[in-house]
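Since the structure comes first, as C-alpha cells, the remarks are kept for the end.
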Amino acid sequence: MTVLDNTACIILAGGRGKRMASADRHKVCFPIDGRPAIVRAIDTYKAAGLRHFLVVVGQMAEQVIATVSAAHPEATFVFQADPRGTGHAAKVAVDALAAQGYRGDVLIVMGDKMTRPQVVRDLVTRFRDQQVDLLLATQPIDSQSDLGRVITDPRGRVLGIVEMPDLQAARKNRRKVPLGGDEYTAAQLTRLCTSVNGSMYCFRFDPLHQALGRLRAANAQGELYLTDTVEMVAAGGRAAAHFIEDPEDLMAFNTPAELLAIEQVVRRRASETPVRVSARSGEALTAASLKPAADWLAIVTGDAPAWRGALREAYGDDADLTAERRKALTEVVRAFIKRHGPDRPMVLVRAPGRLNLMGRHVDHRGGYVNVMAISREVLLAAAPRTDDVVTLTNVDPKRFGPREFRIYDLLHEASWTDWIDFVNSQAVRHFLAQALGDWSHYARAPLLRLQHECRDVRLRGMDCVVTGNIPTGAGLSSSSALVVAFAEAALALNGLDVAINDFIDICGEGEWFVGTRGGSADHAAIRTSKIGQISRIGFFPFHLAGEETFPADLKVVVAYSGATANKSAGARDIFNQRVLCYELAELFLRRYWPAAADTKHLRDMTPERLGVGVAELYRALAQLPERPSVAEFRQLMPRADDERLDRILATHGSSGRHDLRGVALYGLSEIGRSEQFAAVIGAGDLERVAQLIRLSHDGDRCFRYDAAGKRHRHVVHTHDTALRRLAETEADLATQCGRYACSTEAIDHLVDIAGATDGVIGAQLAGAGLGGCMMILIRRDGLTGLLDRLRDQFYTPRELAMTAYVCTPVAGAGLLSV
C-alpha cells in the first residue's frame, strides 16, 4: 500500500464561479486544453496515487456530477444545499465520511486547482513524515493577490490564516485581529506574513472534524471559512506549512483570462513530456541485428565486406584497434554460445568509455561538456526471454560473478508513484546495502527506469553475456557504459523506441538507482560520439551544440593512478556532498542576490547570462557562508525555503561542513571554460587549451609537486579579502579555479610529471575523481618520452604495474548490424 492509499480526497465544487460570466456552465466544467478542469484535476490526483474522491456539489450540481462521472465513475458526491462558505462545504463532506465510519487522513482541495502529481505526493508524504495534524500548501506572496495570508510567529510556527477582506477591514477600521490567543494590527500581520494560502490541505481526520464543528461566521464575509480551521488546529495540535515555490506548480482560476493562462502552462508542459517511449516502427528488430549466435560467430570471425564496413563505422581505420576488437567480439559470442547455445537469436551491443576534455562536474548544473568516446568499451551479447528474468554472465567470472534477477521484483515492493521516490525508498536502500558495488546494479538501473516509465507494458527479460576492457573505478565511465549497453539491448529486444534525449534521460536517471546524483553527460558522450570528433553537449534541455575535429597531430593518454573510485561502494557520499554544496549555494544566491532570483541552474548565474559585471558576481559569492554545517545554513534561510531545503537534503549527504564558496566558484568558472573549449581547440590555439586544462585541474587539485618531486598542499583562497580583490580587479571568471577538490595525491603527481614533459599540452583528472585515471593531451612525437617518464617517476617508485595507454576517438554506442 502506498502512502496515498489511506487518504480521502475532498474536492470543493459547490460555488458556480460568477466571475467566469457564464449562465449555463459551472466554473469547474470549463475545459482546459479540451478536458474539463475538475476532470483534469482528478486525473492529476489519480496520477499522484489517490484513489478515493468525494466531490462537494451545490449550484449546477447535475452538470458537475455528469462531467466528473463520465471520466471518473468511481467518484462519489455530497450535496451542499446551502452555500455558506468553504468551511461549511468541507463540513458537509467530513460529516458524510464520519457517517461511514471513515477515520483516515483527508486531503482538501478546491475544484479549480491545477497542479502536478509530484506536488501532491510531496505534500502528503511530508504530512506523514512530520506527523502533524495539518499541513497546508503555501505559495509566494504576490501583492496583487487576494489569497489569504498565512501568518507565522517569529519562530516560524503557523498561527493561522487571515483572509484579505478581514485584513483590509482591520486596516481601514484600525482594529486588531485576534489570532492564536493574541491580537494583531494589520501592520503586524503583514510583517508576520511569509506566504499565501495555496488552498490545498492535509488533515488528520479527528482534529479536522472537531475544528469544523466549532466554526463560526464571525468575519467580513459572513461565511464559514475553512481557513479558520488552521488556527484551531494550530492552537490545540501541530500545524505546519509546505511551501510551493513555483507558482505554476499550484494554480487556480476565477476569470477567463486566468483560465487561459493555466491552459498555456498545461499545453507547454504537455510538449515537455520527460520521456516518450513508443513501439518501433516496422519490425522490432531486423535480421541485420538479431540473428542466431552461430551466425554471429561466423560473421565476427570472417572478413566479409559488410563486416569490415561495420567495424570501420565503429572504430575507424586503425588496423591494430580493429584487430583487437575482433578478438573481443569473438570472445563474447563464443561465451554466449557456451552458455546459451548456437541457435539462440541474439544482438550485439557495444558501449565505449568516454573522456570529458572540459566541463567536469558541471553537466548537472547546466554547463557544457566537451567529450569523445574512446577505444575502451563494454560488449554485450543479449537474447530475448518470454518472462521478465534477466541473467548476467561475465567473461571474467572471478571478478564479476553470475547474477539473475526479475525486473519487476523491486518495483513490486515499492511505490510506483515517482522515480525519485522509488530510488529513495526503504526497499531500494535495503537492497543496495546488502550488495554494495555489485556489477548487476548497472544492469538493473536502466531496466527499472524503463519499466517505471512503461507502466502499461511488462518488459521482457534477457539472457546476457558481458565483457569489457574499461578499467573499473578509473574515471572512464565503465559503469555508465554498462547502463547504456543494457538500455540499448532492453529497448531493442522489447521493440521500443525513444528519442535520443529521452534515451539519455533514462540512462542518467536510471543510474540514480545506484545512489549517485550526477547528470547525464557520460551517457550522452557514450551514446552520441562520432569517430575523430569532440562533441560539445549542453543540458536543460539536452542538445548537441556542435562538433570539432580532434587534431590529427595530438593524442590522448590515459594513466591509472593505482586507486579506484567505486561510486557504488562509498565515494558516492563525497560526490553527493559536492553536489549538495552546489544546491545550497544556488538556493542562497537565489534568495539573497536579486539578480539571481529567477535562475534555474548555476549556468544561469554567470555574468553574461545575468547581464551584470563580473565584479557583482564575486561580491555575491562573498555573501555565501564559509563552510557552514546544514544546521547553520538552515538558520540563515527564511522558513519559506524549508521545503526546498528538505527536498535537497533528502537526496544528498548532509554531514560535515560544506565549502559553498569554493564549489560555486569552481562550477561557475568551469562553465565558462567549457563554453570556450571547443572553439579554442578547433582554432588550434593550443596555448589557450593548455591554460584551460591547467585551471580546470587546479579546481580539483589537492596537492602540487615541485621540480624536485616535493609535495605541497594546494591552497585556494575564497575568503572575503580574496573575493573582494577579484571584484576590484574584475578578474576573468574562466581563469579562476575554485575548489571542488576531487583529485587525489597520486593523480596530482601524475599531472605534474606529465606537465613537465616535452610535447604535453595539458594534463588533468579524468572522470569524477577520488581515484581512477588522469588524462594527458600530447603531441604525437612526445609519446615515447611521456611513457618513459611516467614509468620511471611514478609507476616504478610506487611499485605499480605500468598502466597507461593511448586512446583513439571511436563511434558512440549502438547495436551492431551486418
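The values are calculated or read from the model by the stated rules, or taken from the named source; none is laboratory data. Bear in mind that the values here come from a model prediction, so they are computed numbers and not experimental data. Reconstructed Cβ throughout: ideal geometry from the backbone, glycine too, with neighbour counts over all protein chains shown. These area figures cover heavy atoms from the full protein model, side chains too; ligands, DNA and RNA do not enter into them. Shrake-Rupley method; radii C 1.70, N 1.55, O 1.52, S 1.80 Å.
Summary of values
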quantity: Hull shadow area, averaged, the range 344-497 [alpha-carbon convex hull, nm²]; calculated: 10.1 nm²
quantity: Solvent accessible area, Å² - residue 513, 1.4 Å probe, full protein context; calculated: 0 Å²
quantity: Loop trypsin sites (Lys or Arg not before Pro), the range 639-726, which have at most 11 other Cβ atoms in a 10 Å radius of their Cβ (DSSP); calculated: 710
quantity: 0 to 90° range, to nearest 10: angle between helix 164-173 axis and the chain longest Cα axis; calculated: 60 degrees
quantity: Principal axis box of the range 663-731, alpha-carbon based, largest edge first, Å; calculated: 36, 34, 20
quantity: Highest-first arrangement of 355-366, 462-473, where packing means the average Cβ count within 10 Å; calculated: 355-366, 462-473
quantity: Neighbourhood net charge (9 Å Cβ-Cβ; Lys/Arg +1, Asp/Glu -1) for residue 672; calculated: -3
quantity: The range 576-645: mean projected area of Cα convex hull, nm²; calculated: 4.8 nm²
quantity: Cα-based reach from residue 27 at 16 Å (exclusive), listing lysines while leaving out same-chain residues under 8 positions away; calculated: 18, 113
quantity: Gain upon complete extension [residue 19, residue 313; 0.36 nm per residue less C-alpha separation]; calculated: 99.4 nm
quantity: Percent carbon-and-sulfur accessible area, the range 707-796, ignoring ligands, DNA and RNA, probe 1.4 Å; calculated: 47 percent
quantity: Nearest-0.05 FRET efficiency for residue 386 and residue 649, computed from C-beta distance (R0 51 Å); calculated: 0.70
quantity: By average C-beta atoms within 10 angstrom, highest first, the peptides 556-564, 285-293, 233-241; calculated: 556-564, 233-241, 285-293
quantity: Principal-axis tilt of helix 660-682 within the chain, Cα atoms, nearest 10 degrees; calculated: 50 degrees
quantity: Amide N of the range 58-74 lying under 20 Å from the label point, which is placed 7 angstrom from the Cα of residue 33 along Cα→Cβ; calculated: 68, 71-72
quantity: Nearest-0.05 FRET efficiency for residue 731 and residue 779, computed from C-beta distance (R0 22 Å); calculated: 0.10
quantity: Radius 11 Å from Cβ of residue 507, net charge of other residues (Lys, Arg +1; Asp, Glu -1); calculated: -4
quantity: At 0.692 mPa s and 37 °C, Stokes diffusion of the range 432-513 via Kirkwood alpha-carbon radius, µm² per second; calculated: 247 µm²/s
quantity: Net charge contributed by nearby residues that have their C-beta within less than 10 Å of residue 249 (K/R +1, D/E -1); calculated: -3
quantity: Over the range 281-428, equivalent-ellipsoid semi-axes from the Cα gyration tensor in Å; calculated: 31, 25, 15
quantity: Förster-model FRET efficiency, 41 Å R0, residue 287 and residue 545, C-beta, rounded to 0.05; calculated: 0.65
quantity: Separation between Cα centres of the range 300-348 and the range 466-516, rounded to whole Å; calculated: 21 Å
quantity: DSSP loop GluC sites (Glu not before Pro) with at most 11 other Cβ within 10 Å excluded, longest remaining stretch of the chain; calculated: 284-798
quantity: For peptides 205-211, 89-95, sequence by mean Cβ density within 10 Å, most packed first; calculated: 89-95, 205-211
